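Worksheet for the structure shown next.
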Amino acid sequence: MKIGIGNDTAGTTLKYIILEHLKAKGFEVIDFGAASGETVEYPTAAKTVSEAVLKGEVDKGILLCATGIGISMAANKIKGIRAALCADSYSAKIAAEHTDAHIIAIGAKIVGEEVAVDIVDSFLNSKFSGGVFKTRIDLMSELEK
């Protein structure tokens, strides 16, 4: 599985921790985010990762900003993207299983490093359940029209 990761300036430190964790687990990771000392605004990072997901360049995305709120809102402005703000592993699991989320967002100033890694693992290890959840996703897609 190929993962795209994007961050604004506030998410830089946590990004490197998640990057190393994913690489150690054998994931291919494309870093679309801010490097140390670089300024990137969260809408820019959200757009870049969202477009990579939609184009099939990556299978899933992870976004990081201070709270996760702004970057998740920005990603959800991209037609066809379902981004979920997750502060715990259960929410990440449900984001994958019930909403078939393309992207999760994490608040780098909200959750600690270990929790963030658990969130990422839960998201990537969970699969969409289908069934009634497919019906709900179809209804959400209608809202974009």
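The values are calculated or read from the model by the stated rules, or taken from the named source; none is laboratory data. Just so you know, these numbers come straight off a predicted model, no measurement behind them. Cβ coordinates were reconstructed from backbone atoms using ideal geometry, including for glycine residues, and neighbour counts include every protein chain displayed. Note: areas computed on protein heavy atoms with side chains; ligands, DNA, RNA excluded. Shrake-Rupley method; radii C 1.70, N 1.55, O 1.52, S 1.80 Å.
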Distance between segment 7-75 and segment 81-115 - C-alpha centres, whole angstrom: 13
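When ligands, DNA and RNA are left out and all protein chains stay put, how many square angstrom of accessible area per residue does segment 2-142 have with a 1.4 Å probe?
48
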Quick check on packing: order 96-103, 74-81 by the mean number of other C-beta atoms within 10 Å, highest mean leading. 96-103, 74-81
Partner lysines whose C-alpha sits under 17 Å from that of K109, ignoring same-chain residues fewer than 8 away, are K15
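Over segment 2-142, what is the relative contact order in whole percent, taking alpha-carbon pairs under 8 Å and six or more residues apart?
24
Output the peptides 56-68, 20-32, 105-117 sorted from most to least packed, where packing is the average of other Cβ atoms within 10 Å over each peptide's residues. Don't skip to the answer; put the middle values down first.
Working: 56-68: 22.1, 20-32: 14.8, 105-117: 18.9.
Result, highest mean Cβ count within 10 Å first: 56-68, 105-117, 20-32.
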Sort the following peptides by mean Cβ neighbour count (other Cβ atoms within 10 Å, averaged over residues), highest first: 84-92, 133-141, 120-128. 84-92, 120-128, 133-141
Identified option (computed Rg and Dmax of the Cα atoms in Å; candidates (1) 13.9, 45; (2) 17.4, 53; (3) 18.0, 51): (1)
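Find the relative contact order for segment 13-66 and round it to a whole percent, using C-alpha pairs within less than 8 Å whose residues are 6+ positions apart. Don't skip to the end; give the middle numbers.
On the way: 26 pairs, mean separation 15.2, N = 54.
28 percent.
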Whole-Hz couplings from phi, Karplus 6.51/-1.76/1.60, listed for segment 117-133; x for Gly and Pro: 5, 4, 4, 4, 4, 4, 4, 6, 8, 9, 10, 4, 7, x, x, 4, 5
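Which pairs in the list K25/K77; K60/K145; K77/K145 are over 21 Å apart, alpha-carbon to alpha-carbon? Kindly include the intermediate steps, with their values, before the conclusion.
Details: K25/K77 31 Å; K60/K145 24 Å; K77/K145 13 Å.
Exceeds cut-off: K25/K77; K60/K145.
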Can you compute the modelled spin-label distance between E20 and M73, with each label point 7 Å from Cα toward Cβ, in nm? 3.3
Whole-Hz ³J(HN,Hα) for each residue in segment 17-25, computed from phi via Karplus 6.51 cos²θ - 1.76 cosθ + 1.60 with θ = phi - 60°, x for glycine and proline: what do you get? 5, 5, 4, 5, 4, 5, 5, 5, 8
Given unit charges at Cβ for Lys, Arg (+) and Asp, Glu (-), the dipole magnitude of the chain about its Cα centre in debye, nearest 20, is 380
Could you compute the FRET efficiency for E28 and E51, with r as their C-beta to C-beta distance and R0 at 22 Å, rounded to 0.05? 0.80
